[in-house]
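Note sheet for the following structure.
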Amino acid sequence: MDVISIVIGLIGGLAIGGILVGVLLKKNIEKRSEHIIKDAETDAEVIKKEKILQAKEKFLQMRTEHEKKINEKNKHISQTENRIKQKESSLSQKLSEVNRKDKDLENQRKNLTKKNEILSKKQSDLEKLHRKQVEALENISNISAEEAKTQLIDALKDEARTDALAYVKDIADEARINASKEAKKIVVQTIQRVATEHAIENSVSVFNIESDELKGRIIGREGRNIRALESATGVEIIVDDTPEAIILSCFDPVRREIARMSLHQLVTDGRIHPARIEEVVRKVGKQIEEEILEVGKRTTIDLGIHGLNPALIRMVGRMKYRSSYGQNLLQHSREVANLCATMAAELGLNVKQAKRAGLLHDIGKVPEDEPEIPHAILGMKLAEKHGEKPAVCNAIGAHHDEIEMTSLISPVVQVCDAISGARPGARREVVESYIQRLKDMEDLAQGHDGVTKAFAIQAGRELRVMVEASKVTDKDAENLSFEISQKIQNEMIYPGQVKVAVIRETRAVSFAK
């Protein structure tokens, strides 16, 4: 019984203790909550004040900027108003000046009216007096005024006719005396205006290199690189003891330029081997074709010639790589065009047509197929084909008297062509005949079956002939070499001896995919 009472007492004590602990914890939590709430309210109040301050600062900043803009606008408006006031003042001054001038003009008009009235009155008095004098003269001479006027006019006509005939005769005599002198004067003035230097084409170019070490790389192992380059371009490459220089020898300036540009790209790139050489030569050949078109366009623009057919523009560009008796054909044509323009201006002819005919007069020298007809006739046919006017076509065809001249421009082109070519130092007959001999040698070799390319090198002492391996066998190559040498010996005139080398190459190409 006592134990139960004790247990009950303990349980009751524990319950009362738990209740007291819960009450104390609740009060403690409430106090902490109130403290947290007060802290939060204090922080919120601080944040609120900070935001209010920031808003006030932003507002002040915006108001300052707004006031600044308003002041600037007001300043601009005041400046505009000042300008308007100045203009109004100037306009008022001008208006007053105009009003004053109007008054002066009105006064002058009134004065002129009065003077006109006085003059008209005097004129009428003079007419009356003149009529009286005429009547008095008619009474004295027994001839009317109309009859006297007719007799006077007839007498003046006869006298004027006699004087005019004498004057015309004097002018004709003076013109015959001075014609030759004036013509020479025009030609001399024309030459003086367009005097230019003449570029004489050579058959050798020098390619400069940075060091002699590159010569070995250009030659290649056992000379394979230099042989590949000579086969691809048709240019003889001379590598000798000349320091930092390689000589390119070929009569054709196009081939020489292709070889020079190809060497430049190969040396710059550093990769020099036969396959790369052939690739570069093909690319450079395309670049030369593009450059020919660009040169033609630039030439027509420089001379002020418009509306030229693209085919003719390309032919003009090809003139850069063609020489006529040692004289560069493009420079010769440009000079003839300028000479024609100057002379046509002096003679009062069509300057544009004269310049056009002067530029195109030698296009018959640069076609790709080169048929066996005079270059003047060929040039005329090309000009007619590409829509040039009849006067220009006639001037092209008649500048060497192959056809009859039907236009005044034709003799002008003929004379200017002679002036450009006959100037001392302009041409060299020997170079032209030499180049023609080498071209004939190449054409003779290319006329055989299986021949793809033929290059005359070493100043015509060697002829290299490239043949297709599928069409020409090794035995055929020997026979072909003999046939070409015999044909050269029988049909051509040349100094010394000519070495004919037929080159046959077989390649097997496959691709791994």
Test of understanding: among VAL392, VAL413, which residue is in contact with a Gly (Cβ under 7 Å, 6 or more places away or on another chain) and either among the hydrophobic types (A, V, I, L, M, F, W, C) or farther than 16 Å from ALA311 by Cβ (or both)? VAL413
If you take the residues in segment 248-268 that are part of a helix (DSSP H, G or I) and of a type in the set (Ser, Thr, Tyr), which one is farthest from MET315 (Cα to Cα)? THR268
Within segment 319-348, residues among the aliphatic types (A, V, I, L, M) and open to solvent by less than 50 Å² (accessible area, probe 1.4 Å) come out as MET319, LEU329, LEU330, VAL336, ALA337, LEU339, ALA341, MET343, ALA344
From ILE237, ILE277, ILE301, ILE246, grab the single residue that is surrounded by fewer than 21 Cβ atoms within 10 Å (Cβ to Cβ) and either aliphatic (A, V, I, L, M) or more than 30 Å from GLN353 (Cβ to Cβ) (or both). ILE301
Does GLU290 qualify as being open to solvent by 40 Å² or more (accessible area, probe 1.4 Å), modelled with pLDDT of 85 or more, farther than 30 Å from ASN225 by Cα and assigned to a helix (DSSP H, G or I)? no
In segment 304-318, which residue that is touching a residue at least 40 places away in the same chain (Cβ under 8 Å) and assigned to a helix (DSSP H, G or I) is most open to solvent (accessible area, probe 1.4 Å)? ARG318
Subset of segment 339-380, residues without any contact (Cβ under 8 Å) to a residue 12 or more places away in the chain and either within 14 Å of MET315 (Cα to Cα) or assigned to a loop (DSSP other than H, G, I, E, B) (or both), comes to GLY348, GLU368, ASP369, GLU370, PRO371, GLU372, ILE373
Out of the residues in segment 460-512 that are among the hydroxyl-bearing types (Ser, Thr, Tyr) and open to solvent by 50 Å² or more (accessible area, probe 1.4 Å), which is farthest from GLU442 (Cα to Cα)? SER510
Does ARG271 fit the bill of being of a type in the set (D, E, K, R) and in a helix (DSSP H, G or I)? no
Of (1) among the acidic types (Asp, Glu); (2) farther than 23 Å from GLY364 by Cβ; (3) more than 22 Å from the chain's Cα centre (by Cα), GLU290 fails just (3)
Could you pull out every one of the helices (runs of 4 or more DSSP H) wholly within segment 397-513 that has 2 or more residues that are closer than 25 Å to MET380 by Cβ, at pLDDT below 85 and touching a Ser or Thr at 6+ places or on another chain (Cβ under 9 Å)? 409-422, 429-446
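The values are calculated or read from the model by the stated rules, or taken from the named source; none is laboratory data. A quick note: this is a predicted structure, and the numbers were derived from the prediction, not measured. Here the Cβ is made from the backbone with ideal geometry for all residues, glycine too, and neighbour counts use every protein chain on show. Areas reflect the complete protein model, heavy atoms only, side chains present, ligands, DNA and RNA absent. Shrake-Rupley method; radii C 1.70, N 1.55, O 1.52, S 1.80 Å.
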